[in-house]
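Asks: Take a look at this one; I'll ask things after.
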Amino acid sequence: MLRQLLHSVASARRPGALRACLTALSCFGCGDQVNAQDDSSYDAARETMVREQIAGRGIRDARVVEAMRQVPRHLFIPAAERARAYDDGPVPIGQGQTISQPYIVALMTELVRPQSGDRVLEVGTGSGYQAAVLARLVAHVYTVELEETLARSAAAVLRELDYKNITVRTGDGYGGWPEHAPFDIVIVTAAPEQVPPALIEQLKPGGRLIVPVGPRFQVQQLQLIEKDASGAIRTREVSPVMFVPLRRPQ
Ligand code: SAH
């Protein structure tokens with residue numbers, strides 16, 4: 001029901017996203033994809049996804065569209081749910097959790113305007129899929145995941161797919177990743193109630209931060225925060241969304 005509510009909120013605010021269900025939930029139990037074989041039967045499904053959900057819904061950056069075409073999304077999803085990998089919505093990936101809808105991944109990627117030399121921080125590795133999409137467009141992705149099992153399985157899939165420009169770390173991403181800061185882009189795929197100050201601090205001048213902000217398990221606002229050359233901050237609310245909460249370790 002909440003999903004339907006989100007659907008209508010999203011549709012009202014973003015006509016281009018008419019069929020989008022802006023739900024982007026968490027990911028658990030992705031441990032079995034390491035030995036998965038790529039399967040060309042998924043190619044047609046991925047093509048349709050790109051045509052109908054990505055290009056067809058207003059994602060204009062050709063590099064983003066191409067990255068969505070290249071990354072084998074099904075390999076980031078447990079075998080039991082893999083047949084639904086290219087569906088227009090979040091897909092359950094174990095323990096009641098889901099991986100984000102493809103459109104949301106593409107939208108967030110486009111909004112941060114990735115450039116080939118960029119260094120990116122992602123908070124919330126989950127399955128590793130968003131990191132893989134970004135890694136095709138930028139120089140390096142540093143991604144932090146609170147849940148060790150998720151971090152391990154994401155790292156394994158990314159290694160299997162031969163990504164060399166992604167570094168995965170287990171830990172709390174609330175404080176960013178100071179050792180690798182500053183970043184051109186920070187992308188947060190779990191929702192804090194307020195924007196973590198360290199993530200703004202770790203943005204370069206000219207940097208872009210995309211983050212869903214709001215209460216736990218309620219409608220949140222996707223915010224695009226930009227730091228200009230003088231260090232001034234400008235915030236734009238992009239769309240209502242729902243992500244799992246950004247959690248803090250006990
Ligand atoms: N980007 C992911 C989806 C992430 S779902 C993908 O492409 O699959 C959100 C993730 O954020 C979950 O895996 C959750 O464990 C993680 N998370 C929640 N709080 C966190 C925190 N404080 N630091 C790092 N990761 C966190």
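Asks: Does residue 117 fit the bill of being within 12 Å of the ligand (Cβ to nearest atom) and either assigned to a loop (DSSP other than H, G, I, E, B) or closer than 25 Å to residue 204 by Cβ (or both)?
Replies: Judged against the criteria, residue 117 is not a match.
Asks: Another question about this same structure. Among the candidates 150, 137, 146, which residue alone is more than 15 Å from residue 188 (Cα to Cα) and within 11 Å of the ligand (Cβ to nearest atom)?
Replies: Only one candidate qualifies: 150.
Asks: While we're looking at this one, here's another question. Which residue out of 128, 96, 89 is closer than 22 Å to residue 159 by Cα and either at pLDDT 95 or above or not hydrophobic (A, V, I, L, M, F, W, C) (or both)?
Replies: Values: 96 fails: closer than 22 Å to residue 159 by Cα; 89 fails: closer than 22 Å to residue 159 by Cα.
Unique residue meeting the criteria: 128.
Asks: Same structure, new question: Only one of (1) assigned to a helix (DSSP H, G or I); (2) modelled with pLDDT of 95 or more; (3) touching a Pro at 6+ places or on another chain (Cβ under 8 Å); (4) of a type outside the set (A, V, I, L, M, F, W, C) fails for residue 69. Which number is that?
Replies: (3)
Asks: What are the pairs with Cβ atoms under 6 angstrom where one residue, in segment 188-203, is in contact (Cβ under 8 Å) with a residue 12 or more places away in the chain and the other, located anywhere, is charged (D, E, K, R)? Sequence gap at least six, or different chains.
Replies: 203/227
Asks: Six or more apart or on different chains, Cβ atoms under 9 Å: show the pairs whose first residue is in segment 43-61 and free of Cβ contacts under 8 Å to residues at least 60 places away in the same chain and whose second is small (Gly, Ala, Ser) and part of a loop (DSSP other than H, G, I, E, B).
Replies: Once the first residue is free of Cβ contacts under 8 Å to residues at least 60 places away in the same chain and sits in segment 43-61, its partners that are small (Gly, Ala, Ser) and part of a loop (DSSP other than H, G, I, E, B) give 45/85; 46/85; 49/85; 53/20; 57/20.
Asks: Is it the case that some residue within segment 188-196 is in a strand (DSSP E or B), more than 16 Å from the chain's Cα centre (by Cα) and surrounded by fewer than 16 Cβ atoms within 10 Å (Cβ to Cβ)?
Replies: Within segment 188-196, the subset in a strand (DSSP E or B) is 188, 191.
Adding the requirement that they be more than 16 Å from the chain's Cα centre (by Cα) leaves none.
No, every residue in segment 188-196 fails to be in a strand (DSSP E or B), more than 16 Å from the chain's Cα centre (by Cα) and surrounded by fewer than 16 Cβ atoms within 10 Å (Cβ to Cβ).
Asks: Same structure, new question: List the residue pairs whose Cβ atoms are under 6 Å apart, where the first residue sits in segment 209-226 and is modelled with pLDDT of 95 or more, the second is among the charged types (D, E, K, R) and surrounded by fewer than 20 Cβ atoms within 10 Å (Cβ to Cβ), and the two are 6 or more positions apart or on different chains.
Replies: 221/237; 223/237; 224/236; 226/234
Asks: Determine whether residue 163 is of a type in the set (Ser, Thr, Tyr), touching a helix residue (DSSP H, G or I) at 6+ places or on another chain (Cβ under 6 Å), more than 10 Å from the ligand (Cβ to nearest atom) and under 20 Å from residue 64 (Cα atoms).
Replies: Considered against the rule, which asks whether it is of a type in the set (Ser, Thr, Tyr), touching a helix residue (DSSP H, G or I) at 6+ places or on another chain (Cβ under 6 Å), more than 10 Å from the ligand (Cβ to nearest atom) and under 20 Å from residue 64 (Cα atoms), residue 163 comes out as yes.
Asks: Quick one: which strands (runs of 3 or more DSSP E) lie wholly within segment 200-244 and hold at least 1 residues that are within 21 Å of residue 142 (Cβ to Cβ) and of a type in the set (A, V, I, L, M)?
Replies: Correct list: 203-213, 220-227.
Asks: Does residue 185 satisfy the criteria of being outside any loop (DSSP other than H, G, I, E, B), surrounded by 13 or more Cβ atoms within 10 Å (Cβ to Cβ) and either within 14 Å of the ligand (Cβ to nearest atom) or at pLDDT below 95 (or both)?
Replies: Working: outside any loop (DSSP other than H, G, I, E, B): yes; surrounded by 13 or more Cβ atoms within 10 Å (Cβ to Cβ): yes; either within 14 Å of the ligand (Cβ to nearest atom) or at pLDDT below 95 (or both): yes.
Yes, satisfied.
Asks: Return the pairs, sorted by first residue and then second, in which the second residue is more than 14 Å from the ligand (Cβ to nearest atom), the first residue lies in segment 143-165 and is part of a helix (DSSP H, G or I), the beta carbons are less than 8 Å apart, and the residues are 6+ apart or on different chains.
Replies: Matching pairs, first to second residue: 153/34; 156/34; 157/34; 160/34.
The values are calculated or read from the model by the stated rules, or taken from the named source; none is laboratory data. What you see is a predicted model, and the numbers here were worked out from it, not measured in a lab. For neighbour counting, all protein chains shown are included, and Cβ atoms are generated from backbone atoms with ideal geometry for every residue, glycine included.
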